[in-house]
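Enquirer: Just passing along the structure, written as structure tokens.
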Amino acid sequence: MKIFFVLLFLSTGLLAQDEFNLKLKSLDSEVLDTKELYANGALLVNFWATWCQPCKAEIPYLNELYAKYKNNGLRIVGINQDSQKSVAKVKSFVSAQKIEFPIVLDTNFEIFNKVNGQVIPYSLLINKQGKIIYRHTGYNPGDEKKLEEEILKIL
């Protein structure tokens, strides 16, 4: 029984005590170091796709949160889960939605799997110490209020 628990614990990807530390490349070819992004406040990582209706409904609220709190230290990184064939569609969606925060492609779900993602949209809120302090799966109108409360707790 102990062995099963240890194996299960070790296989969960980024563990609660681990620092969230990834190097990512944005659509604009900017190299993003998550450690630098959360150093001055909070980092919200949001996994989404253009084919996901709840994801598309959530994006305007993420834009609003970013505009409202970026000067207080909030950083957001959107990690897109579309296939490699849809990259042009992602770029046009980002442009049409006027998304201000960086977008990263994760066409092979490598990053999503590292953080034990199951369903999108999937959001992780990371504090200054690099700890994931809040996770949220899915999106329903009103979810952005709880997210904003969690952001305010750490800014």
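The values are calculated or read from the model by the stated rules, or taken from the named source; none is laboratory data. As the structure is a computational prediction, the values presented were derived from the model and not from experiment. Because the Cβ atoms are built from the backbone with ideal geometry, glycine has one as well, and the counts that use them run over all protein chains shown.
Enquirer: Given the structure, is T34 farther than 16 Å from S123 by Cβ and either surrounded by 13 or more Cβ atoms within 10 Å (Cβ to Cβ) or without any contact (Cβ under 8 Å) to a residue 12 or more places away in the chain (or both)?
Expert: No; evaluated as a whole, the condition is false for this residue.
Enquirer: Restricting attention to segment 52-85, which residues are within 13 Å of L155 (Cα to Cα), surrounded by 16 or more Cβ atoms within 10 Å (Cβ to Cβ) and either over 17 Å from the mean Cα position of the chain (by Cα) or among the basic types (K, R) (or both)?
Expert: Matches in segment 52-85: R75 only.
Enquirer: Given the structure, is K98 without any contact (Cβ under 8 Å) to a residue 60 or more places away in the chain and among the basic types (K, R)?
Expert: Yes.
Enquirer: Still on this structure, I have one more. Cβ-Cβ below 6 Å, separation at least six or inter-chain, first residue in segment 71-95 and hydroxyl-bearing (S, T, Y), second exposed (fewer than 15 other Cβ atoms within 10 Å of the Cβ): which pairs?
Expert: S83/T107
Enquirer: Also: Within segment 113-135, track down each residue that is buried (at least 18 other Cβ atoms within 10 Å of the Cβ) and within 13 Å of W48 (Cβ to Cβ).
Expert: Selection gives G117, I120, P121, Y122, S123, L124.
Enquirer: Could you list, ordered by first residue, the pairs with Cβ atoms under 6 Å in which the first is in segment 117-135 and more than 17 Å from N21 (Cβ to Cβ) and the second is of a type in the set (D, E, K, R), at least 6 apart or interchain?
Expert: P121/E58; Y134/E150
Enquirer: Among the residues of segment 70-85, which ones are within 16 Å of K25 (Cα to Cα) and not in a loop (DSSP other than H, G, I, E, B)?
Expert: Of everything in segment 70-85, those that are within 16 Å of K25 (Cα to Cα) and not in a loop (DSSP other than H, G, I, E, B) turn out to be R75, I76, V77, G78, I79, N80, Q84.
Enquirer: For segment 15-26, indicate whether the set of residues that are at pLDDT 90 or above, acidic (D, E), part of a loop (DSSP other than H, G, I, E, B) and over 12 Å from P102 (Cβ atoms) is non-empty.
Expert: Within segment 15-26, none of the residues are at pLDDT 90 or above, acidic (D, E), part of a loop (DSSP other than H, G, I, E, B) and over 12 Å from P102 (Cβ atoms).
Enquirer: Looking for something under 20 Å from F20 (Cβ atoms) and not in a strand (DSSP E or B) - is there at least one such residue anywhere in segment 42-57?
Expert: No, the conditions are met nowhere in segment 42-57.
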